[in-house]
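Just dropping this structure here.
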Amino acid sequence: MGNIMKDINAVAIEVVMNAGDGRMKIDEALAAMADADLEKAETLLKEAEELIVKAHNAQTEVIQSQVSGENMEYSLLFIHAQDTIMTINTELRMTKKLLPIIKMLMER
């Protein structure tokens, strides 16, 4: 990743953008569930998960660099990025748990 010290805000923006794109996919998946298009919802949730993983991987590189002894500047933007990914990951988990409930209700 190069010099993390110089790039921490760029990494934070990468995390926020991927997580935000993941949130958009989650919102689309919820809309598909409301329309009873569960196949589309599943596809969108997989896409959301891929974006969240990309965000998480970028965040993890920064954390691993710090654990390895690299000095890190304080970045409020990076803290915001960590909060964002945590929140959106929770939204993804809850939406994935909602999907089987919707399936069960549709079968009734």
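Looking at this structure, is M72 farther than 14 Å from N9 by Cα, over 20 Å from the mean Cα position of the chain (by Cα) and in contact (Cβ under 8 Å) with a residue 12 or more places away in the chain? Walk me through it before giving the result.
Working: farther than 14 Å from N9 by Cα: no; over 20 Å from the mean Cα position of the chain (by Cα): yes; in contact (Cβ under 8 Å) with a residue 12 or more places away in the chain: yes.
Judged against the criteria, M72 is not a match.
Condition (residue is of a type outside the set (A, V, I, L, M) and farther than 17 Å from M17 by Cα) applied to the range 75-84: is it met by at least one residue?
We begin by selecting, within the range 75-84, every residue of a type outside the set (A, V, I, L, M); these are 75, 78, 80, 82-84.
Filter once more, keeping what is farther than 17 Å from M17 by Cα: none.
Checked the range 75-84: no residue is of a type outside the set (A, V, I, L, M) and farther than 17 Å from M17 by Cα.
When the residues of the range 55-108 are narrowed to those that are outside any helix (DSSP H, G or I) and surrounded by 12 or more Cβ atoms within 10 Å (Cβ to Cβ), which ends up modelled with the lowest pLDDT? Spell out how you get there, then give the answer.
At the first step, the residues of the range 55-108 found to be outside any helix (DSSP H, G or I) are 68-75, 108.
The next check asks that each one be surrounded by 12 or more Cβ atoms within 10 Å (Cβ to Cβ); those that pass are 70, 72, 75.
Working: E70: 87, M72: 80, S75: 90.
Checked the range 55-108; the qualifying residue modelled with the lowest pLDDT is M72.
Just the residues that are hydrophobic (A, V, I, L, M, F, W, C), part of a helix (DSSP H, G or I) and in contact (Cβ under 8 Å) with a residue 12 or more places away in the chain, please, taken from the range 25-50.
The first filter runs over the range 25-50 and keeps only residues hydrophobic (A, V, I, L, M, F, W, C), leaving 26, 29-34, 36, 38, 41, 44-45, 48.
If we keep only those that are part of a helix (DSSP H, G or I) as well, we get 26, 29-34, 38, 41, 44-45, 48.
Within the range 25-50, I26, A29, L30, A32, M33, L38, A41, L44, L45, A48 qualify.
Select from the range 81-103 the residues that are touching a helix residue (DSSP H, G or I) at 6+ places or on another chain (Cβ under 7 Å) and not hydrophobic (A, V, I, L, M, F, W, C) and write down the one among them that is farthest from V53 (Cα to Cα).
K103
The values are calculated or read from the model by the stated rules, or taken from the named source; none is laboratory data. Note that the structure is predicted; figures quoted are calculated from it, not measured. So basically every Cβ, Gly included, is an ideal-geometry build from the backbone, and we count neighbours across all protein chains shown.
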